[in-house]
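The values are calculated or read from the model by the stated rules, or taken from the named source; none is laboratory data. Since the model is a prediction, treat every value here as computed from it, not as a measurement. Note that each Cβ is placed from the backbone with ideal geometry, even for glycine, and that neighbours are counted across all protein chains shown.
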Amino acid sequence: MKFIKGVTYKQCPGCGQFKLYPVEKMNALSRKDNKTYVCADCGTLEGFDSLKAIIEEIEDKKKRERARDLFEKQRKELKEFLGIN
């Protein structure tokens, strides 16, 4: 996320960090309720999390379990990269 000098950021309801732009439309609309705005990093994570439903549709048990493992590993790395706890 790029911070703009002189802007007072609000607290993100997703991660609790002060990364929410004061103008709502500049933020990401949460996929959880389609009403709440979250910071760009939380929006990215929510988008990534939506892939989990696709993984659950894999019929082959071994492939599904492998996909789950890869998903969880990548999710952890993404959260670390974004600085989200």
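Evaluation of GLY83 against the conditions (1) within 17 Å of GLY16 (Cβ to Cβ); (2) surrounded by 14 or more Cβ atoms within 10 Å (Cβ to Cβ); (3) more than 9 Å from the chain's Cα centre (by Cα) shows that the sole unmet condition is (2).
Applying the selection to the stretch 1-58, what residues are modelled with pLDDT of 95 or more, in contact with a helix residue (DSSP H, G or I) (Cβ under 7 Å, 6 or more places away or on another chain) and among the hydroxyl-bearing types (Ser, Thr, Tyr)? Of everything in the stretch 1-58, those that are modelled with pLDDT of 95 or more, in contact with a helix residue (DSSP H, G or I) (Cβ under 7 Å, 6 or more places away or on another chain) and among the hydroxyl-bearing types (Ser, Thr, Tyr) turn out to be SER30, TYR37. Annotation: of all residues in the stretch 1-37 being surrounded by fewer than 16 Cβ atoms within 10 Å (Cβ to Cβ) and of a type in the set (A, V, I, L, M), the one that is nearest to LEU78 (Cα to Cα) is MET1. Please count how many residues of the stretch 29-85 are farther than 24 Å from GLN11 by Cβ and of a type in the set (A, V, I, L, M). Number satisfying all stated conditions: 7. Scanning the stretch 38-68 for residues that are loosely packed, with under 11 Cβ neighbours inside 10 Å and either in contact (Cβ under 8 Å) with a residue 12 or more places away in the chain or part of a helix (DSSP H, G or I) (or both) yields SER50, ALA53, ILE54, GLU56, LYS61, LYS62.
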